[in-house]
Every structure is written in C-alpha cells, then in structure tokens.
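Please treat every number below as a calculation from the coordinates, not as lab data. A quick note: this is a predicted structure, and the numbers were derived from the prediction, not measured. Because the Cβ atoms are built from the backbone with ideal geometry, glycine has one as well, and the counts that use them run over all protein chains shown.
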Amino acid sequence: MAAGEALERVSRWIRRAIPHGGPGGVALSVLAAVVSTGPLRISHLADREGISQPGMSSVVNRLAEAGLAERRADPADGRIVLVAATSAGRAQLDALRSSRAQALVTHLSRLPAGQQRALCASIDALNTLIAHPIAEGRPMTQIESPRCYRGNADAEGAS
C-alpha cells in the first residue's frame with residue numbers, strides 16, 4: 001500500500017530530522033498526556049498507550065527517576081496512585097517541543113509555498129481524524145504545527 005509506505009518513510013525521516021533528547025516513544029507520550037490533562041492513573045495511561053500495567057509502571061519509574069514525573073495519591077481515594085508531571089517534566093517537554101518545532105520549520109521552509117499550504121491542510125485533516133476515538137472513547141492529542149498554526153505568513157499567505 002503506497003500510503004502505508006509513505007507513512008513509514010515520513011516517520012523515519014521525522015526521527016532522523018527532528019532533534020531528540022529527553023524521553024522518547026511511550027515515555028514522551030505519557031509525559032505529554034499528564035502535562036496536557038493533569039494527573040492520570042497508571043491503568044489509564046497503560047490503556048491509552050496500549051501496553052500492560054507493569055510495562056507502564058516501568059515507563060513511569062524511568063520518568064520519576066529522571067525527575068520528570070511523580071506518583072501522587074489520589075485525593076479522592078488514597079489507595080489509587082496518580083502520575084503527574086513535575087515542573088522539570090513540563091519544562092523539558094516545552095523545550096523539546098520548541099526545538100522540534102524549530103527544526104521542522106527549518107526543513108519545511110525549503111518547500112515551495114504551495115506545498116507548505118498543502119501540508120498545513122493535511123495537518124488540519126489529520127487533527128480532524130484523530131479527534132475521533134480509535135478505541136474506548138479516547139481521542140488522541142492534536143498535532144501541533146508551528147508553521148501552520150502560529151501565524152506564519154509564508155505558509156498561510158504566500159503563493
């Protein structure tokens with residue numbers, strides 16, 4: 001399938017072109033989830049990421065050891081453990097997103113304005129798609145594009 005192959009190539013390109021640093025993969029997704037929604041149960045995070053609870057506990061342990069997340073008792077039920085981002089976790093996620101956005105802008109600026117607009121439109125379409133739950137009623141997080149959504153005139157108004 002051509003679309004599947006293109007998605008694989010784009011995914012590889014993004015991994016190589018966009019700066020790494022800090023947590024990656026599932027850990028980055030977990031950190032982003034608790035930053036955007038607030039403290040969450042390990043069971044909810046495991047379901048969200050499609051991994052086992054013991055696997056999620058390992059991810060949370062790594063985030064906690066790095067000082068990026070912490071475990072807290074649920075104020076409504078002290079037996080329940082919630083995972084929350086620390087201020088260091090929020091700061092690292094912000095810095096990582098900023099550096100990735102800047103790298104992406106640099107790469108995308110090499111494209112003609114028409115192709116930049118087409119990519120912006122496709123991001124809008126992808127955000128519409130991921131707003132619909134895949135399983136168990138949970139929509140995914142929106143994709144951010146600094147070039148498309150932060151008022152960059154080159155991408156929005158140039159022809």
Nearest 0.05, what FRET efficiency do L126 and A91 give at R0 = 35 Å with Cβ-Cβ as r? 0.80
For a quick check: sort E5, E70 by the number of other beta carbons within 10 angstrom, fewest at the front. E5, E70
By count of other Cβ within 10 Å, fewest leading, how are L31, L129 ordered? L129, L31
Distance between modelled label sites at A64 and H107, nm, 7 Å Cα→Cβ extension: 3.5 nm
Quick one: 3J(HN,Hα) in Hz for segment 97-112, Karplus 6.51/-1.76/1.60 with θ = phi - 60°, rounded, Gly and Pro as x. 4, 5, 5, 5, 4, 5, 5, 5, 4, 4, 5, 5, 5, 6, 7, x
